[in-house]
Protein chains: 2
Amino acid sequence: MQRRRPTIHEVAKVAGVSISSVSRALNGNTSNAEMVARVEAAVQQLGYVPSQVAQSLKTRHTAQVAFAMEDIGNAAYLEMVRQIQPVLRDAGYRLLLHSTGADVEDEVSVLDSLSQNYVDGLILCPLRVTGRHVAALRETAVPVIVIGLLPDDVSVDNVRADSRVGARMAVEHLYAAGARRIAFIDGPIDTVPGEARYAGYRAGLAACGLPLDDDLVEFADFQFESGRRAAREVLTRTDVDAVFGANDLIAMGTLHALRELGRTVPDDVRVVGMDDTTLAATSFPPLSSVSLGSADRGRIAAKLLLARMNGDDSPPERVTVPPSLTIRESSR
Amino acid sequence: MQRRRPTIHEVAKVAGVSISSVSRALNGNTSNAEMVARVEAAVQQLGYVPSQVAQSLKTRHTAQVAFAMEDIGNAAYLEMVRQIQPVLRDAGYRLLLHSTGADVEDEVSVLDSLSQNYVDGLILCPLRVTGRHVAALRETAVPVIVIGLLPDDVSVDNVRADSRVGARMAVEHLYAAGARRIAFIDGPIDTVPGEARYAGYRAGLAACGLPLDDDLVEFADFQFESGRRAAREVLTRTDVDAVFGANDLIAMGTLHALRELGRTVPDDVRVVGMDDTTLAATSFPPLSSVSLGSADRGRIAAKLLLARMNGDDSPPERVTVPPSLTIRESSR
DNA sequence: TTGAAAGCGGTACCAC
DNA sequence: GTGGTACCGCTTTCAA
């Protein structure tokens with residue numbers, strides 16, 4: 001292993017033709033079938049593979065696209081990846097994943113450098129959008145699609161979810177199922193999703209004519225364990241006949257807390273989660289969950305990016321993917 | 001956006017020096033502090049970012065590493081990614097993920113082309129190892145680390161789990177807990193893990209003095225739904241007091257099948273899974289599972305690869321990470 | 001120290 | 001149709 005790779009010159013020598021002819025034959029820019037055959041024989045014999053680095057330098061095109069997100073371990077991003085990957089692969093692009101690790105500086109540096117290097121396009125899921133993000137977005141050398149909220153004055157293609165409406169849907173569904181004391185376990189209130197989901201929860205209560213009771217609300221950090229703790233807190237503190245968890249992990253923690261407290265689901269307490277990850281379908285009982293359309297957002301972003309990389313220069317698009325509720329046993 | 005990027009020539013012109021000097025200043029190969037300052041000012045002013053493509057062509061070094069696996073959605077691979085990513089990033093490499101989609105052709109083509117292009121190294125998790133894999137492995141232009149089983153005569157660094165021993169541990173644990181009719185829901189028998197786990201299951205039975213009963217064995221495809229179906233099959237076909245699922249998804253499917261059939265866990269039937277993913281801890285009841293050390297394997301593979309890329313040419317290593325069993329309620 | 005120039009491995013234009 | 005050659009943007013000798 002680790003042998004030096006043959007170059008186009010060696011292929012040319014073996015085939016007894018010029019490098020121009022080799023290049024043409026390899027790229028289908030010749031009509032001489034015999035030439036193609038000779039070149040291919042030489043390629044075969046040498047095990048030649050064109051250097052994509054050299055091709056990129058010349059063609060200014062890397063056949064790579066980056067997807068930068070907070071954490072590849074997050075199920076929602078994972079779902080996006082699974083949608084983005086095939087779309088881009090079919091179009092001949094490799095996908096490069098970049099976990100920013102929730103670091104804003106790192107995110108900006110991805111924009112600054114990654115976006116200008118080695119990729120033909122970038123899909124970015126920013127946690128928060130800072131002034132530096134905006135500045136960097138204006139300077140990028142390649143098309144960028146942002147998944148998530150973006151200030152209105154930034155003219156970049158943008159695909160967003162609507163977790164506010166999604167949260168409201170969850171509350172209205174629980175109300176329709178008969179619940180009147182609907183608890184809410186949110187993520188951190190100082191994050192974009194945490195804040196939007198809380199707003200949606202309040203909107204849902206208002207729409208149903210229910211009062212906002214602070215005893216029914218608790219904040220966790222979008223993880224299973226902290227969700228369980230927060231749920232225990234609320235469940236022992238006040239009367240509850242339904243719990244809406246701000247994501248599926250929190251809802252799963254809630255299911256465990258309920259079980260520990262001897263409450264049954266959905267008879268005593270109904271539960272709804274959010275994100276509709278695979279966790280929801282495999283939990284016991286299967287968890288109702290509001291999907292924010294991660295898969296759709298990923299697919300749409302990929303297609304949008306593809307169009308931009310193909311030279312589409314119509315005005316920036318702003319797509320909002322509507323949420324949808326999947327009702328399973330936990331709230332039936 | 002989409003402005004043309006400045007090149008080193010423009011920086012040189014603005015700074016009033018030659019491109020050689022710019023290059024030197026940027027790479028710390030000069031001792032003239034004033035020169036560095038002038039160049040940096042020009043860089044700042046122009047927003048210059050060196051083209052990594054051009055650098056790579058010259059230096060034959062891309063600062064990229066690929067990790068090719070079956071499906072990034074699989075929790076075990078995800079865990080590897082989370083370990084590999086930081087190790088490589090700290091060493092200045094970007095990680096490129098490639099989901100092969102369980103397609104052998106695709107896997108080989110990754111070896112053939114990706115390994116020779118655009119990356120300085122490759123970590124590969126092959127599902128099956130074919131003759132073509134072996135041939136491709138001998139030809140690679142960059143270091144490759146294989147995670148998973150590899151024929152002994154292939155001299156490539158190899159980090160492996162021991163799912164055979166892991167499966168045996170599961171069976172012995174279930175036997176010790178009192179089970180005598182231990183069913184096994186395997187993945188496809190023609191995959192490396194499927195085969196190894198089956199062998200481990202048989203070894204476990206033998207060690208416990210239990211007979212091998214074909215009625216107790218069923219094959220699924222490592223997914224939740226097919227695991228559930230296969231479990232139903234076995235559970236309705238014969239007498240069972242324990243089920244060992246070849247991965248956590250299959251075991252989760254088994255838990256659901258048991259519930260549908262009105263059997264309780266662990267009282268009627270004990271269940272053990274494999275891979276010890278986050279699913280195991282959040283399931284109901286929490287699932288006992290054999291960890292194959294995915295995180296460790298990922299970390300070790302990354303470090304091995306780093307060493308190889310740094311020129312380490314000692315004989316190929318073969319590391320085996322031992323399995324470990326985490327006992328939770330499902331088999332208590 | 002600094003600048004000129006020769007590549008790295010391709011592509012594509014240009015004469016022939 | 002084919003081969004010679006000028007780049008792509010950078011690094012790195014080599015002289016000055």
Margin query: I'm trying to understand the selection: among the residues of the stretch B:308-324, which are open to solvent by 50 Å² or more (accessible area, probe 1.4 Å) and either away from every other protein chain (no Cβ under 14 Å) or charged (D, E, K, R) (or both)?
Written below: B:ASP312, B:ASP313, B:GLU317, B:ARG318, B:THR320, B:PRO322, B:SER324
Next item on the list: For A:GLY73, state whether it is at the interface with another protein chain (Cβ under 8 Å from one of its Cβ atoms), modelled with pLDDT under 90 and outside any helix (DSSP H, G or I).
Entry: yes
Next item on the list: Return the only residue of A:ILE72, A:ILE84 being in contact with a Gly (Cβ under 6 Å, 6 or more places away or on another chain) and more than 12 Å from DNA strand D (Cβ to nearest atom).
Entry: A:ILE84
Next item on the list: Sort out which residues of the stretch A:263-276 are within 13 Å of chain B (Cβ to nearest Cβ) and crowded, with 24+ Cβ neighbours inside 10 Å, and write them in order of number.
Entry: A:VAL271, A:GLY273
Next item on the list: Those residues that are under 23 Å from A:THR140 (Cβ atoms) and without any contact (Cβ under 8 Å) to a residue 12 or more places away in the chain, I need them from the stretch B:1-25; list them, please.
Entry: B:MET1, B:GLN2, B:ARG3, B:ARG4, B:HIS9
Margin query: So for the stretch A:215-238 (the condition being among the aliphatic types (A, V, I, L, M) and within 18 Å of A:GLY166 (Cα to Cα)), does at least one residue qualify?
Written below: yes
Next item on the list: Would you check if there is a residue in the stretch A:46-63 being away from DNA strand C (no atom under 14 Å from the Cβ) and surrounded by fewer than 21 Cβ atoms within 10 Å (Cβ to Cβ)?
Entry: no
Notebook entry, point to check: For residues in the stretch A:202-216 being among the hydrophobic types (A, V, I, L, M, F, W, C) and more than 28 Å from A:LEU150 (Cβ to Cβ), which is surrounded by the fewest Cβ atoms within 10 Å (Cβ to Cβ)?
Noted result: A:LEU212
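Yes/no per residue for (1) part of a helix (DSSP H, G or I); (2) open to solvent by less than 40 Å² (accessible area, probe 1.4 Å); (3) on the phi < 0 side of the Ramachandran plot:
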residue	(1), (2), (3)
A:ILE185	no, yes, yes
A:ARG197	yes, yes, yes
A:GLY200	yes, yes, yes
A:ASP221	no, no, yes
A:ARG228	yes, no, yes
A:ARG232	yes, no, yes
A:THR236	yes, no, yes
Margin query: Against the conditions (1) facing another protein chain (nearest Cβ under 8 Å); (2) touching a strand residue (DSSP E or B) at 6+ places or on another chain (Cβ under 9 Å); (3) not in a loop (DSSP other than H, G, I, E, B), where does B:LEU57 fall short? Just the number, please.
Written below: (2)
Next item on the list: Kindly provide the set of residues from the stretch A:1-20 that are within 44 Å of the chain's Cα centre (by Cα), near DNA strand D (Cβ under 9 Å from one of its atoms) and not aliphatic (A, V, I, L, M), ordered by number.
Entry: A:SER20
Item checked: Count of the stretch A:1-42 residues which are part of a helix (DSSP H, G or I), closer than 29 Å to B:ASP313 by Cβ and more than 8 Å from DNA strand C (Cβ to nearest atom) -> 1
Check: Just to be sure, is B:ARG38 basic (Lys, Arg), near DNA strand D (Cβ under 10 Å from one of its atoms) and open to solvent by 40 Å² or more (accessible area, probe 1.4 Å)?
Finding: no
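Conditions tested, residue by residue: (1) in the same structural domain as A:TYR118 (by TED's automatic domain parsing); (2) within 16 Å of DNA strand D (Cβ to nearest atom); (3) in contact (Cβ under 8 Å) with a residue 60 or more places away in the chain; (4) open to solvent by 30 Å² or more (accessible area, probe 1.4 Å).
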| site | (1), (2), (3), (4) |
| --- | --- |
| A:ASN27 | no, yes, no, yes |
| A:ALA76 | yes, no, yes, no |
| A:GLY92 | yes, no, no, yes |
| A:LEU96 | yes, no, no, no |
Next item on the list: Answer with yes or no whether B:ASN74 is over 28 Å from A:VAL156 (Cβ atoms) and within 11 Å of DNA strand C (Cβ to nearest atom).
Entry: no
Note to self: Against the definition (open to solvent by 10 Å² or more (accessible area, probe 1.4 Å), part of a helix (DSSP H, G or I) and touching a helix residue (DSSP H, G or I) at 6+ places or on another chain (Cβ under 8 Å)), how does B:ALA251 come out, yes or no?
What the structure shows: no
Item checked: the stretch B:280-307, residues that are assigned to a helix (DSSP H, G or I), open to solvent by 30 Å² or more (accessible area, probe 1.4 Å) and within 13 Å of another protein chain (Cβ to nearest Cβ) -> B:ALA281
Item checked: Enumeration of residues in the stretch A:28-86 that are within 21 Å of A:GLY298 (Cβ to Cβ) and among the acidic types (Asp, Glu) -> A:GLU70, A:ASP71, A:GLU79
Notebook entry, point to check: Can you tell me which of A:ARG138, A:ARG132, A:ARG180, A:ARG128 is open to solvent by 20 Å² or more (accessible area, probe 1.4 Å) and either modelled with pLDDT of 95 or more or among the acidic types (Asp, Glu) (or both)?
Noted result: A:ARG180
Checklist line | Check on B:VAL87, modelled with pLDDT of 90 or more, among the β-branched types (Val, Ile, Thr) and either open to solvent by less than 40 Å² (accessible area, probe 1.4 Å) or part of a loop (DSSP other than H, G, I, E, B) (or both) | finding: yes
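The values are calculated or read from the model by the stated rules, or taken from the named source; none is laboratory data. Keep in mind that this is a model prediction, so the values were computed, not measured. Quick reminder, even Gly has a Cβ in these numbers, built from the backbone with ideal geometry, and neighbours come from all protein chains shown. Areas reflect the complete protein model, heavy atoms only, side chains present, ligands, DNA and RNA absent. Shrake-Rupley method; radii C 1.70, N 1.55, O 1.52, S 1.80 Å.
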